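Reading through the structure tokens given below for one structure.
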Amino acid sequence: MNDTVLLFHGIARTKKSMAKLAGFLSGHGYRVVNVGYPSTKFSISDLVDIIRPEIDDAVKKAGDGRVHFVGYSMGGLVIRAFLKSYRPANLGRVVMVGTPNNGSQIADFLKNWPLYRKVYGPAGQQLITDRTAMTELFGTVDYELGIIAGNRTIDPVSSLIIGVRVPNDGKVSVESTRLDGTAAHIVIPANHTFLPVNKMMWSQTLSFLKDGRFTS
């Protein structure tokens, strides 16, 4: 197989958080490029410009192989913004894991707190549930997309903010991960923080990359 998988970590994380998933996918024959970016220093559109050379390089090296994208949390939003403007001709499948496609109630709650603004920077302000300013940035889904959501929370405060009866992973509600045009959507018993190292997530990601569907 000469397919490539590009991995994108979440906000306030580094590519180290995706290293185990990278090893897992490499072990299944994929060429993996684990993309790191300064997620808390710039807006999503600026981040797209920053990572573009690395992605262009990976696309070129892929030759006639396909290039798949996998994004955790905000990494999925970075993928959406990238594909809207710079979709590669050899695009394969896309997997988003715990991505707040419809924003996060936590970001709504914290957006004006000085500490939140300081820690999460410009992109943190783009995680809110009011998506009107984002339509231009993300475009529509016209590629093969699979979405994995978690529904285990270990954070009672966050879950109160999201809503006690609303299924969520402690940061993002299951509903917020949904997107029109998605080929497959699955909910697994996982917590947002630990999604990148969740082995069920790994195997579901592999299943979608290989066959365009999740295993029930």
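The values are calculated or read from the model by the stated rules, or taken from the named source; none is laboratory data. Predicted model, so just to flag it, every value in this text is computed and none were measured. No Cβ is skipped: glycine too gets one built from the backbone with ideal geometry, and neighbour counts run over all protein chains shown. Only protein heavy atoms, including side chains, enter the accessible area calculation; ligands, DNA and RNA are left aside. Shrake-Rupley method; radii C 1.70, N 1.55, O 1.52, S 1.80 Å.
How much FRET efficiency would the formula 1/(1 + (r/R0)^6) give for Asp130 and Asp64, where r is the Cβ-Cβ distance and R0 is 41 Å, rounded to 0.05? Can you show the working numbers first?
Working: r = 42 Å, r/R0 = 1.03.
So, using R0 = 41 Å, E works out to roughly 0.45.
Based on the alpha-carbon gyration tensor of the stretch 1-160 and its eigenvalue square roots a ≥ b ≥ c, which shape applies: rounded if a/c is under 1.5, prolate if not and a/b is larger than b/c, or oblate?
Values: a/c = 1.86, a/b = 1.58, b/c = 1.18.
Prolate shape, in that a/c is at least 1.5 and a/b is the bigger ratio.
Could you sort Ser85, Ser216 by accessible area so the largest value comes first, with the probe set to 1.4 Å?
Values: Ser85 75, Ser216 160 Å².
Of Ser85, Ser216, the descending order of accessible area is Ser216, Ser85.
Where does the charge balance sit around Pro122 when Lys and Arg score +1, Asp and Glu -1, over other residues with C-beta under 12 Å from its C-beta? Don't skip to the answer; put the middle values down first.
Working: positive: Lys41, Lys111, Arg117, Lys118; negative: Asp46.
That works out to +3.
Averaging sequence separations of C-alpha pairs under 8 Å and six or more residues apart, then dividing by the length of the stretch 89-188, give the relative contact order as a whole percent. Please list the in-between numbers first.
Details: 168 pairs, mean separation 37.1, N = 100.
For the stretch 89-188, the relative contact order is 37 percent.
Can you give me the C-alpha center-to-center distance between the stretch 81-112 and the stretch 191-214, rounded to a whole angstrom?
16 Å
So, with +1 on the Cβ of K and R and -1 on the Cβ of D and E, and no other charges, what is the size of the charge dipole of the chain about its Cα centre, to the nearest 20 debye? It would help to have the intermediate numbers written out before the result.
Working: 25 positive and 17 negative charges, 101 e Å.
For the chain, the charge dipole is close to 480 debye.
Let me know the charge dipole size of the stretch 97-187 about its Cα centre in debye, to the nearest 20, where only the beta-carbon of Lys, Arg (+1) and Asp, Glu (-1) is charged.
For this selection, approximately 420 debye.
Roughly how many percent of the accessible protein surface of the chain is carbon and sulfur, given a 1.4 Å probe and a whole-percent answer?
Working: 5430 of 9920 Å².
Percent of accessible area from carbon and sulfur atoms in the chain: 55.
Hey, if you put +1 on the Cβ of every Lys and Arg and -1 on every Asp and Glu Cβ in the stretch 14-115, which of Ile51, Asn34, Asn101 ends up farthest toward the positive end of that dipole?
Highest projection toward the positive end goes to Asn34.
Could you please report the charge total around Val174, scoring K, R as +1 and D, E as -1 over all other residues with beta-carbon less than 15 angstrom from its beta-carbon?
Working: positive: Arg152, Arg165, Lys171, Arg178; negative: Asp169, Glu175.
Neighbourhood net charge equals +2.
Roughly what angle does helix 74-86 make with the longest principal axis of the chain, taking Cα atoms, 0 to 90 degrees, to the nearest 10?
Helix 74-86 and the main axis of the chain meet at about 50 degrees.
Can you check what the net charge comes to around Thr140, using other residues whose Cβ is under 11 Å from the Cβ of Thr140 (Lys, Arg +1; Asp, Glu -1)? Mind dumping the intermediate values first?
Working: positive: Arg80, Lys84; negative: Asp142, Asp180.
Result for the neighbourhood of Thr140: 0.
Using a 1.4 angstrom probe with every protein chain in place, what is the largest-first accessible-area order of Met74, Met200?
Putting Met74, Met200 in descending order of accessible area: Met200, Met74.
Could you work out the relative contact order of the stretch 1-147, using alpha carbon pairs under 8 angstrom and six or more residues apart, expressed as a whole percent? Present the calculation step by step, with values, prior to reporting the outcome.
Values: 264 pairs, mean separation 39.0, N = 147.
Computed over the stretch 1-147, the figure is 27 percent.
Probe 1.4 Å, all protein chains in place: accessible area of Leu110 in Å², nearest 10?
Leu110 has an accessible surface of roughly 40 Å² with all protein chains in place.
In the full protein assembly as shown, how much of Phe42 is accessible to a 1.4 Å probe, in Å² to the nearest 10?
Here the accessible area works out near 80 Å².
About the Cα centre of the stretch 1-99, what is the dipole size in debye to 20, counting +1 per Lys and Arg Cβ and -1 per Asp and Glu Cβ, all else neutral?
Approximately 200 debye in magnitude.
Given a 1.4 angstrom probe, what's the average accessible area per residue across the chain, in square angstrom?
46 Å²
Quickly work out the Thr182-to-Trp113 label distance, labels modelled 7 Å from Cα along the C-beta direction, and quote it in nm with one decimal.
Once both label points are built, they end up 2.7 nm from each other.
With every protein chain kept in the model, how would you rank Trp113, Trp202 by accessible area, 1.4 Å probe, largest at the top? Present the calculation step by step, with values, prior to reporting the outcome.
Values: Trp113 135, Trp202 25 Å².
Output order, biggest surface exposure first: Trp113, Trp202.
Compute the helix-to-body angle for 199-211: its Cα long axis versus the longest principal axis of the chain, expressed 0 to 90° and rounded to tens.
Computed tilt is about 50 degrees.
If you take the square roots of the eigenvalues of the alpha-carbon gyration tensor of the stretch 1-87 and sort them as a ≥ b ≥ c, do you get rounded (a/c under 1.5), prolate (a/b over b/c) or oblate?
On the way: a/c = 2.20, a/b = 1.29, b/c = 1.71.
Note, shape of the stretch 1-87 comes out oblate.
Looking at Gly65, Ala81, Leu160, which one has the Cα that reaches farthest to the positive end of the dipole of the chain (charges on Cβ: Lys, Arg +1; Asp, Glu -1)?
Leu160
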